[in-house]
Amino acid sequence: MTFTHLEESILDAICAVERADTPALREVLSTAIVTTRENTGHGFYTHFRTTAPESAHWKHIINGPCARMLDMGMDSMMGFILWCSEQGPTTLEGFQLGDAAGDTIDLRSRNLETLRFSEIAY
C-alpha cells in the first residue's frame with residue numbers, strides 16, 4: 001500500500017515548513033511504508049512505518065495544512081495532523097472542517113484514494 005496523491009501532497013507541505021524541532025522529516029518520510037488506512041467517515045488515519053534516527057527527538061504532534069477539497073461541498077475544507085511517537089512519524093490524520101454551510105459528508109461512501117483538492121495552505 002502506498003500514500004494517496006492527497007497524502008503525499010500534505011506530507012510534502014508539512015516538510016516544506018522549516019522545523020528546527022523536527023529532525024530530517026523529509027528524509028524519514030521517504031522511508032515510509034503504509035501499513036493501514038482507516039476511514040472514519042469524518043476523516044481518515046493513515047498509519048505507516050518509517051526508519052528514523054534513534055537519536056532524534058520527535059514532537060508528539062505536527063500540525064499540518066488545510067486543504068480546500070473538491071467534490072465535497074462548496075468551500076469544503078480538511079485539516080491534517082502528523083502524529084509521531086518517540087521513534088518518529090507514524091500516522092497522518094485527515095479530518096473535515098466542513099463546507100460553506102458547515103456541513104460534512106460521510107467519507108465511508110468515498111474511495112479515499114480519489115479525494116482531490118484545489119489548494120493547500122497553512
Task: Charge context of residue 69, other residues only, Cβ under 11 angstrom, K/R +1, D/E -1 - done: -1
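Taking the Cα centre of the chain as the origin, how large is its charge dipole in debye, to the nearest 20, when only Lys and Arg (+1) and Asp and Glu (-1) carry charge on their Cβ atoms? Can you show the working numbers first?
On the way: 9 positive and 17 negative charges, 33 e Å.
Value, rounded to 20: 160 debye.
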Task: Sites residue 59 and residue 5 - FRET efficiency at Förster radius 25 Å, r taken between beta-carbons, to 0.05 - done: 0.45
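With a cut-off of 8 Å between alpha carbons and a minimum separation of six or more residues, what is the relative contact order of the chain in percent?
Values: 249 pairs, mean separation 33.7, N = 122.
This gives 28 percent for the chain.
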Open item on the list: Please list, short to long, the whole-number percent of alpha-carbon pairs of the chain in consecutive 5 angstrom bins beginning at zero.
Closed with: 2, 11, 22, 24, 18, 12, 7, 3, 1, 0
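Taking 0.36 nm per intervening residue step and subtracting the Cα-Cα distance, what contour gain separates residue 99 from residue 68 on full extension? Numbers along the way, then the final one.
On the way: separation 31, 0.36 × 31 = 11.16 nm, distance 0.92 nm.
Taking 0.36 nm per residue and subtracting the Cα distance, the gain is 10.2 nm.
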- [ ] Take the range 49-98, drop everything but the C-alpha atoms, weight them equally and run the Debye formula without solvent; then report log10 I(q)/I(0) at 0.15, 0.19, 0.23 Å⁻¹ to two decimals.
- [x] -0.49, -0.64, -0.78
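Before rounding to the nearest 500, sum -39500 (n - 2.57) across all DSSP H runs of length at least 4 in the chain and divide by the residue total; then give [θ] at 222 nm in deg cm²/dmol.
When only DSSP H runs of four or more count, the value is -4000 deg cm²/dmol.
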Open item on the list: Counting only other residues whose beta carbon sits under 9 Å from that of residue 5, what net charge do I get with K and R as +1, D and E as -1?
Closed with: -2
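Give me the number: length gained by fully extending residue 122 to residue 49, i.e. 0.36 nm times residue separation minus the C-alpha to C-alpha distance, one decimal in nm. Don't skip to the answer; put the middle values down first.
Values: separation 73, 0.36 × 73 = 26.28 nm, distance 2.56 nm.
Stretched out fully, the residue 122 to residue 49 stretch lengthens by 23.7 nm.
Read-outs throughout are calculated quantities, based only on the coordinates presented, and are distinct from any laboratory measurement. Please read all numbers here as calculations on a predicted model, not as lab measurements. FYI the Cβ positions are ideal-geometry reconstructions off the backbone, even for glycines, and counts take in every protein chain you see.
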